[in-house]
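Enquirer: This is the structure, below, for whatever I ask next.
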Amino acid sequence: MDESITTTTTSPSSSSLPPPPPLPPSEEPEPKKLKMSTTTTSDDEETTVTDPNCTDRKPRYKRRKIAIFLAYCGVGYQGMQKNPGAKTIEADLEEALFQSGGIPEPDRGNPKRFDWARSARTDKGVSAVGQVVSGRFYVDPPGFIERLNSHLPNQIRVFGFKRVTNSFSAKKFCDRRRYVYLIPVFALDPNAHPDRESVLASLGSENELSKCLECPDRGRKVFGVMGRHKIPIELDINGNDVVVTQTETTEIKSGVVVNTDGIENENIEVEPKASGGEGVVETGVSEEDGSGLVKGSNGDGKDGKAGKERVFSYGEKEKEKFNRILSRYVGTHNFHNFTTRTKAEDPAAKRFIISFDANVVVNVEGLDFVKCEVVGQSFMLHQIRKMVGLAVAVMRTGAPETLIDVALQKDVNFTAPTAPEVGLYLDECFFTSYNQKWNDTHEEISMKDYVEEAEEFKMKQIYSHIGSTEQKEGSVGIWLHSLNHRNYPDLNYLEANKVSNNGQAESAALPTVPVESAPIESIA
């Protein structure tokens, strides 16, 4: 007889179970550590190569994505960007990175291998105080900046570096750039360094101007001058050049060469006398008195008017006018007339200028300079120099300020003067959006940590070069002599094309044909 056996399983009562373990106390997550520029971090240590047959262990370092802060004086260089066959800042910097161990031999000469990028391309002869470049480099062991500077010339100086994200690019992440142009105060004086036409037109009038005898009239062929052999010439009543015969004598009268017939000759060069007599004419030097006024824009204590003492200063009236002229560039405009090889239809011709002002006067090497600061998203080749050149021309020649509005029009071809490159330098690059996004994990990309070093380099290398160059060569003074309606007929654009002072055409205006082609330089 089969019996079914049923077994019942009873679970123990809940009272007999052991109590559950206590929950661990809630802990707040540790904040993320900033990736500092001090080589390796605790979770990012160097790796070593292990060889059982070798007792020595050589460290093998990792590449780091970094942003490098540097400054340079652009004299003698063909710009920032590397260009085969030309001496550039990037070429010297890349070689220094290789010599200091930042770039391995296989990557030498191939910037794409180490993700190279620059925040700004400076033109030929243009300097920089706050340039930023980025890439993947070997920054260990400690002392990377010292090794890098040891392989660079004195006119290039690296201040430091900071760790950045893997996607960082000094070019793409730069929000805006600030450039500074130092223009001598005398350049804004209409009577300083007058052009040839102004001198000829003033002869015999009450406001007679004198030619700067030591400032050659560039951009004009002078008959009779061949190399070092200079044949004296004079101007006839029609303004034509004729050779002065040996029987004619000359004398200095009020800073102008005059022959025995009473005809003034502006083209004869007068050798300075050892005794410092009447034949000595110094140019390009200004003196400052206690009131901050500049005496003698031509350097001879006179204003270009024969025998008349005058004083010119960048006062409130001049400052207000010059800033008003510069403010016309602010905003989004078509700058095809302010660069080369860029057509008006090209979208790259449109640029956004955030601010442009000139409120500070600095004294360098005994000369007063107006500090013109322009901030924009990006700039094209020669753009800032042409912007300054046209603004100075409007300030000096008395052309309507609306001439700048006309030059910014898309359907107008306009030849704008180009100011010398020596006074321009890149002041700082800004990365506002990047810093706001990555401020919790990465260091701020700015020049705040290198202000003192940058200021010292700027005064020692850049400012001294700008001041001494103007004192010795007078580059701005020579340029001012060419700043006239003969070389730049578009300065008369409003009158020639019947355009009112508000920039509106009274009749169909024909575009002018540029008479001067800008020299082709490497894009930098």
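Enquirer: Would you mind calculating the gained length between THR441 and GLU473 on full extension (0.36 nm times residue separation, minus the Cα-Cα distance), in nm to one decimal?
Expert: Working: separation 32, 0.36 × 32 = 11.52 nm, distance 5.04 nm.
The THR441-GLU473 span can extend by a further 6.5 nm.
Enquirer: May I ask which of LYS65/LYS172; LYS343/LYS386; LYS82/LYS162; LYS112/LYS172; LYS65/LYS460 have a Cα-Cα span longer than 19 Å here?
Expert: Working: LYS65/LYS172 15 Å; LYS343/LYS386 16 Å; LYS82/LYS162 23 Å; LYS112/LYS172 15 Å; LYS65/LYS460 31 Å.
The answer is LYS82/LYS162; LYS65/LYS460.
Enquirer: Could you work out how far the C-alpha centroid of segment 60-76 sits from that of segment 348-396, in angstrom?
Expert: 27
Enquirer: While we're on this one: Cα gyration tensor of segment 63-170, axes a ≥ b ≥ c as square roots of the eigenvalues: rounded (a/c below 1.5), prolate (a/b > b/c) or oblate? Write out the running numbers ahead of the final one.
Expert: Values: a/c = 1.43, a/b = 1.40, b/c = 1.02.
Judged from the Cα gyration tensor, segment 63-170 comes out rounded (a/c under 1.5).
Enquirer: First compute the accessible area of segment 307-358 with a 1.4 Å probe, then give the percent of it belonging to carbon and sulfur atoms.
Expert: Numbers: 1410 of 2730 Å².
About 52 percent, which is the carbon plus sulfur part of the accessible surface.
Enquirer: Next question. Between VAL311 and ASN110, what FRET efficiency comes out of the Förster formula 1/(1 + (r/R0)^6) with R0 = 60 Å and r the beta carbon distance, rounded to 0.05? List each step's numbers first, then the result.
Expert: Values: r = 59 Å, r/R0 = 0.98.
The formula returns an efficiency of 0.55 here.
Enquirer: Sticking with this one: Keeping all protein chains in place, calculate the accessible area per residue for segment 312-379 (probe 1.4 angstrom), answer in Å². Mind dumping the intermediate values first?
Expert: Values: 3110 Å² over 68 residues.
For segment 312-379, the per-residue accessible area is 46 Å².
The values are calculated or read from the model by the stated rules, or taken from the named source; none is laboratory data. Source: prediction; values computed, not measured. Using ideal geometry, Cβ is built from the backbone for each residue, glycine included, and neighbour counts are taken over all protein chains shown. SASA here: full protein model, heavy atoms, side chains in, ligands and nucleic acids out. Shrake-Rupley method; radii C 1.70, N 1.55, O 1.52, S 1.80 Å.
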